[in-house]
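Participant: Okay, here's the structure, questions in a sec.
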Amino acid sequence: MLDGDLFQYGSWASDHGIFEDGRRKRTIVVDGACVFLNRPGFSGGAGCALHLQAIRDGDRPIDVKPSVCWQLPLVAEHRGDGTARLRRWGRDDRGSDGATMNWCCTEGDNAQVGERTTAEELADELQALVGPEVAVAIRRWVTP
């Protein structure tokens, strides 16, 4: 589904695959990051090749990316009293796999930094996690 001009490691993946092991739980790491991560300077664009392809095709990235990728920046903790808490995802949220996770988009100085608030940038993801009413309320609350 990925156009070669948007997938920096497409040829590499054709030869080696995209999964770390037969369980198909983790993508393979190339040069220290997920095989789908196009590096800065790549002519097709830096960032997730799956995300870039979805945008080109007019699709929402959350409809084509694995759930761990689009859910990774945020986690909704649903409580027994019907409320929920939305917070940043961390390695501990991966359970026993957290210590061996090869990449995590929420860590580092450049995580969740940009021109728009996280709530604006991840509007589709928010809605999928907490529903439309809560997503709208969050965006209203954090938008200046």
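Participant: Taking into account only those residues within segment 112-128 that are modelled with pLDDT under 80 and outside any loop (DSSP other than H, G, I, E, B), which is least open to solvent (accessible area, probe 1.4 Å)?
Facilitator: Applying the filter and picking the extreme gives ALA119.
Participant: Regarding GLY44, is this residue of a type in the set (Gly, Ala, Ser) and within 19 Å of the chain's Cα centre (by Cα)?
Facilitator: Yes: the conditions hold for GLY44.
Participant: Just checking, how many residues over segment 13-32 are surrounded by 15 or more Cβ atoms within 10 Å (Cβ to Cβ) and touching a Phe, Trp or Tyr at 6+ places or on another chain (Cβ under 8 Å)? Let's see the steps before the verdict.
Facilitator: Here is the first cut: in segment 13-32, the residues surrounded by 15 or more Cβ atoms within 10 Å (Cβ to Cβ) are 13, 18, 20, 26-28, 30.
Imposing the further condition that a residue be touching a Phe, Trp or Tyr at 6+ places or on another chain (Cβ under 8 Å) reduces the set to 13, 18, 26-28, 30.
Number of matching residues: 6.
Participant: Does ALA46 count as surrounded by fewer than 18 Cβ atoms within 10 Å (Cβ to Cβ) and touching a Pro at 6+ places or on another chain (Cβ under 8 Å)? Explain how you work it out, then say what you get.
Facilitator: Numbers: surrounded by fewer than 18 Cβ atoms within 10 Å (Cβ to Cβ): yes; touching a Pro at 6+ places or on another chain (Cβ under 8 Å): yes.
Spelling it out, ALA46 is indeed surrounded by fewer than 18 Cβ atoms within 10 Å (Cβ to Cβ) and touching a Pro at 6+ places or on another chain (Cβ under 8 Å).
Participant: Of all the helices (runs of 4 or more DSSP H) wholly in segment 1-71, which have at least 1 residues that are within 27 Å of LEU126 (Cα to Cα) and of a type in the set (Lys, Arg)?
Facilitator: Working: elements: 10-16, 49-57, 61-64, 67-71.
Qualifying helices (runs of 4 or more DSSP H): 49-57.
The values are calculated or read from the model by the stated rules, or taken from the named source; none is laboratory data. None of the values given here were measured: they were computed from a predicted structure. Glycine also receives a Cβ, built like all others from the backbone with ideal geometry; neighbour counts cover every protein chain displayed. To get the accessible areas, we keep the full protein, side chains included, count just its heavy atoms, and leave off ligands, DNA and RNA. Shrake-Rupley method; radii C 1.70, N 1.55, O 1.52, S 1.80 Å.
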